[in-house]
Structures are given as structure tokens and as C-alpha cells.
Amino acid sequence: MKTKSLIFPVIVVVISFIALYFISQFPTPRFQDASVTSKFFPTAVAIIQIIICFFIILGELLNRKEISYQAAFFNKYSLFGAAFIISYVALIYVFGYFISTLAAFIVYLLFFKIKIIGYYITAILFTCAVYYIFANVFFVALPEGLIFGGVL
């Protein structure tokens, strides 16, 4: 077992617990009649991250074999992932959820050189479905972006 393989899941668990604390401070919006509040989605993501990292940590503790190779902590995929997330957040602020998510899916598929057209269609349908469900079922306003009339 390498301690290096436990560092990231432990950090994610700590950050998720900190996020849960701050999420609990979100005010309840008074301008929309929603079945869920603005706390729902971030809370669900934080809890799912904690559960996944718990299983990763458990798997590492149960698999105590020494690994002889030294994998690079930073490679082109980890740097792409960090730049991807930062860019996605910036794009959401400027262009809103819908356009940013479509662009993010397409950039992701292009980066990994995916040539199967079904994946692109799935990305478009998934983005449309999530947008429709949040807007028309949950009545939750997704970010519209600065270009289209404001941050929300």
C-alpha cells in the first residue's frame, strides 16, 4: 500500500465535509417555487464524493500489496482535468449552464479523440435532459451567464 494513493481521496473527503458545512449556509431562494432548494445538488455531489472516496480508501487498505512502479503525480491527463474544471466554471459564469456544458462535453470528447458519433449525440441529449428536468420539473433556475442576462 502506498500512502500516495490515499492522499487524494482523503483530501477530497476533507474538502467535501468543508463544502457540506458551507452548503448548509446557503439561503433558501424566495423567488422560485422549487421542489428542491439550491442546497440539493451540491449536497448530493459532496455526499457521493465522500462515499466513492470511502470505498477507494477501503480498497487501498484491503489491498496491501506493494506497487513497485512510480507513477507521475502530474501528467497530461491530470493537468487537462484541472484546466477543464477551471475553464468550465469560468464558462458557466460567462455563457451559462447550457452552452458551457455542451462545450465542455465536446471538448472532453475531442481531447480523448472519441470518433463515435453516438457519444456526441448522448452528450447533447444529456445536457438537454438535465436542463429540462431542472427548469421544468424541479423549477430550479440554472445559471444563464453574463452574456444572456445575468449570472442566474
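Take every Cα pair under 8 Å whose residues are at least 6 apart in sequence, average their separation, divide by the length of the stretch 41-151, and the relative contact order is 29 percent. If you take the square roots of the eigenvalues of the alpha-carbon gyration tensor of the stretch 76-136 and sort them as a ≥ b ≥ c, do you get rounded (a/c under 1.5), prolate (a/b over b/c) or oblate? Oblate.
Computed from the coordinates by the stated procedures, all read-outs in this text should not be read as laboratory data. Note that the structure is predicted; figures quoted are calculated from it, not measured.
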